[in-house]
């Protein structure tokens with residue numbers, strides 16, 4: 001699985017960037033939420049943005065899992081992650097009549113599912129990567145966020161505030177893990193290159 005993640009480090013970086021962008025969108029919309037006439041439009045717009053980002057992220061994750069299917073038996077974690085995120089985004093996008101309570105439940109279920117898979121993947125990576133805590137922490141954040149949504153619920157502003165904090169935290173953890181994987185990939189390539197001494201020895205023996 002570590003080889004698959006190194007090969008697809010850009011995917012984790014993209015997921016982190018998309019999550020951070022979504023958090024910025026929420027922070028930009030929050031001042032307008034208390035206005036009665038703008039509240040519903042702002043929430044509906046952010047829900048659509050969340051659904052679209054979830055679908056894009058899920059499709060890219062599925063593509064990465066398919067590419068790495070022959071590189072280890074744990075690619076199903078990535079595939080399940082992508083399917084879960086895509087399904088959650090599609091349900092939210094094609095169901096415009098969903099109430100606030102339904103949206104909270106769908107977002108919470110998606111975060112809980114993804115968080116559980118990320119924790120499992122992080123535990124599996126402990127044998128190969130020193131910074132597996134980044135993936136585990138992202139999974140724990142998702143689980144805690146889902147739990148808070150289920151237990152507290154609340155107004156639109158409360159839900160959006162929770163969602164912005166969640167998006168920012170997971171975005172940072174994913175981006176950090178992606179950069180760590182990129183560095184690990186460069187180190188592996190550097191070790192695989194033939195050393196100058198070895199080249200010189202080969203030339204002298206040939207002479």
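Every number here is computed from the coordinates shown, using simple stated rules; none is lab data. Because the structure is a prediction, the values reported are computed rather than measured. As a convention, Cβ positions derive from the backbone with ideal geometry for all residues, glycine included, and neighbour counts pool all protein chains shown.
Multiply the residue separation of residue 94 and residue 56 by 0.36 nm, subtract the distance between their alpha-carbon atoms, and state the gained length in nm to one decimal.
Details: separation 38, 0.36 × 38 = 13.68 nm, distance 1.49 nm.
Using 0.36 nm per residue and subtracting the Cα-Cα distance, I get 12.2 nm.
What is the spin-label model distance, in nm, from residue 21 to residue 133 if the labels are put 7 Å beyond Cα along the C-beta direction?
3.1 nm
Mind giving me the FRET efficiency for residue 105 and residue 49? R0 is 25 Å, r the Cβ-Cβ distance, nearest 0.05 is fine.
Details: r = 19 Å, r/R0 = 0.75.
Approximately 0.85, to the nearest 0.05.
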